[in-house]
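For reference, the structure discussed in these notes is given below.
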Amino acid sequence: MMRLRPFLLALVLATTFAFSATAQQAHADTEKFIASLGDRALQVLVVDSQSEAEREDAFRGLLSEGFDLRLIGRYALGRYWRRATAEQRSEYAKLFEDFIVDTYVARLGEYSGETLKVVSSRADDRDTIVHSEIVGDGRPPIRVDWRVRNGEDQLKIIDVVVEGVSMLLTQRDEFASVIQRSGGNVEGLLARLRDKNSDGE
Amino acid sequence: MVAACATPGDEPGQIADPLEPINRYIFAANLAVDTTVIEPVATFYRDFVPDPARDSVRNFLRNLESPVTLANDVLQRDLDAAGVTTKRFFINTTIGVLGLFDPATDMGLARRDEDFGQTLGTYGVGPGVYLVLPILGPSSLRDVAGNVVDYYFDPLNYYADNTDRGHITVLRAGIRGVDARARTIETLDEIERTSIDFYATIRSLYHQRRQSDIRNGSAPSLPKLDLTGDTEDDRTASLEN
């Protein structure tokens, strides 16, 4: 029995070490993912010779590459997802994508041309949170946290939190309010999103 | 009682808003005042007063707030923060020429705003209900109470009261408001443009921002995504659509 102890200890140590090494590797990968995507996004948003439409197209490409838009839309609908019919869900998914591109271009656009610096990361439930800062000249760094989900061998962002304010929660609160004001009917939200999306064109 | 109503408060993480009809009314009135008076004044201030001058105005006003911040640092038992606030005050008042400049930040003493609403938050007091105040905008029951207490932490208010110079505090509030508005012109315009319910968006932003301030930005910096009642099946279904 006594002889088994050191062996067990070694085994425990080895597995713990191996585990933390993979965890660290996973964190490093996630950090790299955010750093490269963030930099590209901020560059795309630079107000340059590009037209508004071109910028939006490029940004839309990055969004669908880096973000799990379906899941974000699903979270943004919150508990009303369960009440929506299959047709409503699929229309919502399309409307939401247009809506979110416009919103993200507008709300993240003010950081165009600045640099994203990844600070650290940590695990949170089944997600990894990557802490970063957007550094521009002449103003204090802006704290931006990314919630990244590792689903099906692919990293996807599901939330961006700027100075403690979550884009996803803001959207969910807003959608919930619209639905509540139309008597708890998801159709009310779809109508508003349809209006909104046709406004911009 | 409040929880029984179908207010947004019954969504996890949302602020209760039983006064929503009144709040929306005041919100709309505030927007009208903003469009006709405040935003034009703020735009003028931003476009015609040079950046360094505006920064100095803000630095000066912030330095005057130091006693309030210090009192709340102490009440939150955050003696490190109290030390930083004190050092900042002395450095900026002397080297920073009566607070017009902010050399303390360059020395690694970053400013952190504290108020009694946040102090109550660290004691575990929730926001109570959401309030939209005329002109002043979004607040909560807790934060209004906080503002009243902060008034008594501020030596300038005693000075103004005792010398019949009440206009000083009004003037200060006005300048602070215009300065703050001047720095958010584009941001607010964009939020309004991209919102389908501007009132609900601002309510959510206010609440999240206050929660974050109370935590001083430290972990947990992200609100939990609460999927009560959801299952993995739902998720799969969403991906198949």
By residue number, the members of the stretch B:146-169 that are under 20 Å from the mean Cα position of the chain (by Cα) and surrounded by fewer than 16 Cβ atoms within 10 Å (Cβ to Cβ) are B:147, B:148, B:151, B:152
Would the stretch A:189-201 turn up any residue that is within 16 Å of residue B:205 (Cα to Cα), surrounded by fewer than 16 Cβ atoms within 10 Å (Cβ to Cβ) and facing chain B (nearest Cβ under 10 Å)?
no
Residues of the stretch A:136-161 that turn out to be more than 9 Å from chain B (Cβ to nearest Cβ), touching a Leu at 6+ places or on another chain (Cβ under 8 Å) and within 16 Å of residue A:42 (Cα to Cα), as a count:
3
Can you pull out the residues in the stretch A:89-139 that are farther than 30 Å from residue A:28 by Cβ and among the basic types (Lys, Arg)?
A:89, A:94
Evaluate the following for residue B:88: is it crowded, with 16+ Cβ neighbours inside 10 Å, under 21 Å from residue B:13 (Cα atoms), of a type in the set (D, E, K, R) and in contact with a Leu (Cβ under 8 Å, 6 or more places away or on another chain)?
no
Here is a list of conditions, (1) modelled with pLDDT of 80 or more; (2) surrounded by 18 or more Cβ atoms within 10 Å (Cβ to Cβ); (3) within 11 Å of chain B (Cβ to nearest Cβ), and residue A:122 meets all of them except one; can you say which number that is?
(2)
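The values are calculated or read from the model by the stated rules, or taken from the named source; none is laboratory data. Here the structure is a predicted model, which means the values were calculated and not measured. No Cβ is skipped: glycine too gets one built from the backbone with ideal geometry, and neighbour counts run over all protein chains shown.
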